[in-house]
Amino acid sequence: MSFLGELRVPAKTENLRIISHFIHGIGHRLSLSEKTLFDLELAVEEAATNIISHAYPDTQDGNILLSAEELGDFVQITLTDWGLPLNPADIKPFDINAPIETRIKGGMGLHFIHKLMDAVERKTTPEIGQPNTLKLVKLIEHTQPGQRMPSPVQELNAMRTVSEVMTSNINLDDLLNLILNKLVSTINAERGTLYLVDEERGEIWSRVLLEDVGPLSEIRVKIGEGFAGHVAATGEVLNIPDAYVDPRFNQHFDKVSGFRTRSILTAPMLNPQQKIIGVVQLLNKKDGPFTFRDERLLTAMASQAAISIENARLYQQEIQQQLINRELETAHAIQASFLPDRIPKYDGWDIGAVWRPIRNVAGDFYDFYELEDGRLAVVIADVSGKGIPAALFMALSVTVLRFGMTMNLAPDEVTRRANEMIISEQRSRMFATTLIAYITPHTGEIQYSSGGHNPALLYRREESCCEYISAPGVAIGIFKNADFELKITHMKIGDIFVMYTDGITEVINDHEEEFGEERLEELVIQHTTSSAQTIATRILEAIIDFAGEQDLFDDATLLVIKRT
């Protein structure tokens with residue numbers, strides 16, 4: 001008799017895996033054949049499950065002790081517990097002809113233990129706390145000469161490698177190569193291929209081919225065709241001992257690559273939702289045909305690999321999103337550089353501004369430009385669309401409007417020329433609404449022209465009321481020969497001039513109500529004694545509060561010009 005090892009673990013279901021590893025270690029030490037190890041592992045797992053379920057009720061904790069011995073040509077595994085003793089006489093005899101639900105309740109587990117083992121010996125004690133033993137004896141059948149079985153350490157290392165990369169930030173192609181190399185080396189195959197599912201084309205394609213396969217840089221297979229396609233369609237594991245006698249085998253790949261396929265093991269890659277995302281195929285086990293043990297190992301590793309691949313895809317998406325975010329941040333910085341870097345200061349005037357894009361980049365913009373004659377040009381505009389396209393069109397619009405103002409053209413002429421230049425230079429069919437106002441600081445005169453923009457709000461202190469000022473005109477970038485008119489008004493001390501985009505007045509709240517011009521007027525009237533910047537800030541805060549749970553759906557830009 002030779003003592004092989006001992007294991008004591010709490011009688012918990014989660015420890016069945018530890019028990020399995022212990023049995024695998026014994027099998028490796030004795031060089032047990034695939035079938036002998038499988039029978040022994042299955043019987044021990046069933047016996048341990050019975051102890052966990054019956055010997056220790058839910059309220060009682062206990063242990064299982066396993067000891068292994070070599071008895072000549074036999075291996076003996078002894079399981080010991082100190083819980084409720086099991087009397088086999090109390091269990092209904094197993095009937096192979098009974099319905100499955102009856103068989104399960106009728107000692108099917110004990111039946112299989114006796115069928116799998118060469119001898120079963122049970123000793124029980126009547127009192128709880130005294131040892132109960134179950135001895136399982138199995139004739140030793142060794143592996144064939146030259147046949148190599150992966151050791152438990154190799155298997156654990158392979159599983160650990162795949163598990164570790166599940167949480168690593170590794171490139172998808174590098175990950176797939178790592179997984180396939182680990183599978184090929186652990187199962188001792190000559191070559192392998194890892195396919196991913198292409199749902200749009202109804203195919204699987206070889207993302208990784210291990211080693212050079214001649215002119216084949218990629219293999220594509222219709223789902224349902226060939227071994228790999230069949231596995232991708234059904235989720236079955238295929239173990240083909242001789243590929244050339246199976247009609248499903250496509251010999252074309254061997255002819256093209258010069259490789260000779262003998263045996264093939266193919267398993268699906270299932271993600272946590274049990275969706276097939278790929279297929280792993282190993283070719284030509286070096287020391288004989290692929291075994292049932294190989295099937296189990298490949299299936300387990302393929303499932304873990306699927307999780308790793310899903311994580312890698314998510315990581316790549318995250319990296320791509322980070323790159324997009326960086327580009328958007330850069331675009332935001334560039335766009336912000338088109339806006340004034342300071343608010344103009346004039347004696348007797350107070351100016352405030354708010355620019356709030358709903359994304360990193362916006363279609364709204366405003367501008368200040370000091371004309372040669374001392375007047376201040378003020379521009380507010382709203383470009384159609386959102387995001388990057390709107391931002392690019394905004395840059396074009398700013399450029400052409402500033403060009404007109406540098407030429408000291410009147411507001412209506414600046415708008416007209418901008419319209420013509422935009423139509424001639426862009427093919428995107430985007431447009432912008434604009435409102436341009438020239439303010440004469442010492443007189444309060446305002447010359448203005450509108451390109452289809454919201455009317456500006458003008459608060460009159462003497463009347464304590466608001467009026468709206470606008471001028472005929474359409475959005476620029478639509479009609480080549482559009483007309484734009486010049487209008488004139490005046491501001492007195494205490495008057496407040498508010499230019500805004502529709503992202504201010506068209507905000508919708510939870511009750512589907514629009515913020516509207518009336519609320520804007522009320523806010524301006526309530527804060528007539530505040531600074532221009534305070535008024536602008538209060539209006540922005542008000543529309544955000546008004547929207548409630550509804551997010552702002554449009555850029556919001558606001559200019560407040562107060563004569564003091």
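Bear in mind that the values in this text are calculations on the coordinates, not laboratory data. All of these numbers come straight from a predicted model, not from anything done at the bench. FYI the Cβ positions are ideal-geometry reconstructions off the backbone, even for glycines, and counts take in every protein chain you see.
Observations, loosely collected:
- Remark: spin-label model distance residue 338-residue 181 equals 4.9 nm, labels positioned 7 Å along the Cα→Cβ axis.
- FRET efficiency for the residue 220 to residue 286 pair, using the beta carbon distance and R₀ = 22 Å, is estimated at 0.20.
- The alpha-carbon of residue 480 sits under 28 angstrom from the alpha-carbons of these lysines, leaving out residues fewer than 8 places away in its chain: 386.
- Residue 551/residue 199 FRET efficiency (R0 35 Å; Cβ-Cβ; nearest 0.05): 0.60
- Shape of region 339-563, Cα gyration tensor, a/c cut at 1.5: oblate
- Charge tally in the Cβ shell below 10 Å around residue 294, where Lys, Arg are +1 and Asp, Glu are -1, residue 294 excluded: +1
- Fully extending the segment from residue 141 to residue 273, taken as 0.36 nm per residue of separation minus the present Cα-Cα distance, adds 43.6 nm.
- Straight-distance candidates among the aspartates and glutamates for linking to residue 222, with alpha-carbon spacing under 20 Å and chain neighbours fewer than 8 residues away dropped: 198, 199, 200, 203, 236, 246, 254.
- On full extension, the segment bounded by residue 480 and residue 324 gains 52.6 nm, given 0.36 nm per residue less the C-alpha separation.
- Nearest-0.05 FRET efficiency for residue 60 and residue 115, computed from C-beta distance (R0 41 Å): 0.85
- Peptides 8-18, 372-382 ordered by average Cβ neighbours within 10 Å, highest first: 372-382, 8-18
- Partners of residue 286 within straight-line reach, counting lysines whose Cα lies under 26 Å from its Cα and excluding those fewer than 8 residues away in the same chain: 35, 182, 255.
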